[in-house]
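Encoded as structure tokens, the structure appears first; notes follow it.
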Amino acid sequence: MNKIGLCLAIGLLVMGGCAREEGFVICGRIPGMPDSLSVALLTGESLPAETLAETVAKDGYFELRGKLEKPTLCTLITNNLGILDKTGGNIRWTYTPVFVENTDMEVRTPHYDSIPNFAGVSPSFRVEGGEIQRDFNEYQLSLAGRQETDETRWAFILSHPRSAVSAYLGIQLMAGGYKLTREEVDRLEAAVTDIPADTARFAAFKENCAYARLTAKGSPIVDLEMRDTAGGACRLADVIPTGKYVLVDFWATWCGPCMAALPVVKRLAERYPDGFAVVGVSCDKDLKAWRAAIERERTVWPQYVLTTQGNADFLRKYQTSGVPYFLLMDREGRMLAHPGNIEEVAVLVDSLCGPASSSE
């Protein structure tokens, strides 16, 4: 082989050795990071979480590789459980939310001890790489130690109309349904104009806006397919009484907070028999367990169970991840509020129905 051919062959080998498959690389060269420390990347937008990549640190360095179908909010986790026998000390976990794209990303911090236990950024720590993660860092820095609120979400969305983070925050604003007015939904959809960096998230955002219009404050309840305790088919919209304030209690026997809320719901139902009603809607698949719980708890309000289709529609159209889930409706069958917990339910019902009756 002549010199030109030899040089060409070597060049091709070098190029092949340096090239990497399309995907993400997350790395960090971090002083103070112990050898054999576990490092993993898990999906963070749905449950159960899926492990995308994992490794162990060596000489203060780690590297995670993989490939995603679309940009995804993930959790970068480190823990020292596997090395405590050698190093001693206390257990330490860190959980870092990070928007991962198929690009190079790097953890930047002066020392492993500077990584927060759970935070995306701090004055001495952040993950860099990719357009979406850049915006995510900006949003978290804008909080400046303040608690995240709907106001902070709106402020970022209105100033970043083409950001995937705006769509992510917008979906949070709509989550659970019945929290925004129709005008607020229209304003939100108009604020996010296009997301070239994450077309899948933009499509999901638009779909959620359509559902959010159906679950806007002041709207009737979104109908769901159910069955009554005798097994008869029925629809949620058809069993909501009028002339009273109505609590729709979505629950399940396997849900601890749901079961803990039942005594409070019972007290409210007994306290305001004339002006307040309850409709129980279960997500149970085990109908024997559902009927047994109704009998054991001696609920004094009508109970229904969602069909398979009804449950799927509940999760999708109400934009919720599950139960407990409460809705409070006015006397005309319009939505008043989506309380976040049973304590909030009790406060709202007491304020609407007046002082406790003498039968308490």
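For the reader, a short list of remarks on this structure follows.
- Acute angle (nearest 10 degrees) that the helix 287-297 long axis makes with the longest principal axis of the chain, alpha-carbon atoms: 60 degrees
- The mean of 1/r over all pairs of different alpha-carbon atoms in the chain, once inverted, gives a Kirkwood hydrodynamic radius of 23.9 Å.
- With one equal scatterer per alpha carbon and no solvent term, the Debye-computed log10 I(q)/I(0) for region 65-118 at 0.18 1/Å reads -0.74.
- Over region 230-270: Kirkwood hydrodynamic radius from C-alpha pairwise inverse distances, Å: 12.3 Å
- Note on region 150-244: Cα Rg divided by 2.2 N^0.38 Å, N the number of residues, gives 1.34.
- Scaled radius of gyration (Cα, divided by 2.2 N^0.38 Å) that region 292-360 gives: 1.34
- By the rule of a C-alpha distance below 16 Å, with chain neighbours fewer than 8 residues away ignored, the lysines paired with Lys317 are Lys179, Lys206, Lys217.
- Distance between the pseudo-spin-label points of Glu45 and Asp85 (7 Å out from Cα toward the beta carbon): 3.9 nm.
- Residues with amide H under 5 Å from that of Leu224, placed H, sequence gap 5 or more: Leu236, Ala237
- Using the Cβ of Ala261 as centre and a radius below 10 Å, the other residues enclosed give a net charge of -1, where K and R count +1 and D and E count -1.
- Using a probe radius of 1.4 angstrom, the carbon and sulfur fraction of the accessible surface of the chain is 53%.
- As a size descriptor, the averaged projected area of the C-alpha convex hull of region 189-294 was calculated at 9.7 nm².
- In the distance distribution for region 214-360, Cα-Cα pairs more than 25 Å apart total 21 percent.
- Per residue, the chain exposes 52 Å² of solvent-accessible protein surface, assessed with a 1.4 angstrom probe and all protein chains in place.
- Relative contact order (%) - region 208-336, alpha-carbon pairs under 8 angstrom, separation at least six: 39 percent
- For the chain, the antiparallel share of DSSP beta bridges with both residues in that region comes to about 75%.
- Rough spin-label spacing in nm, given labels placed 7 Å along Cα→Cβ, for Arg267 and Ala230: 3.4 nm
- Each Cα pair under 8 Å and six or more residues apart adds its sequence gap; the mean of these over the residue count of the chain is a relative contact order of 12 percent.
- Computed accessible area, Leu73, all protein chains, 1.4 angstrom probe, square angstrom: 10 Å²
- Here the label points at Glu69 and Ser122, each 7 Å from Cα along the C-beta direction, are separated by 3.6 nm in the simple model.
- The 3J(HN,Hα) values that the Karplus relation (6.51, -1.76, 1.60; θ = phi - 60°) gives for region 195-203 are, in residue order, 9, x, 6, 7, 5, 5, 5, 5, 5 Hz. Gly and Pro appear as x.
- Reduced Cα scattering model of region 67-204, Debye log10 I(q)/I(0), q = 0.10, 0.14, 0.22 Å⁻¹: -0.40, -0.72, -1.38
- Remark: the chain carries a charge dipole of roughly 220 debye about the Cα centre, counting +1 on each Lys and Arg Cβ and -1 on each Asp and Glu Cβ.
The values are calculated or read from the model by the stated rules, or taken from the named source; none is laboratory data. None of these values were measured; they are calculated from a predicted model. Cβ: placed from backbone, ideal geometry, glycine included. Neighbour counts: every protein chain shown. The area values use the complete protein model at the heavy-atom level, side chains included, leaving out ligands, DNA and RNA. Shrake-Rupley method; radii C 1.70, N 1.55, O 1.52, S 1.80 Å.
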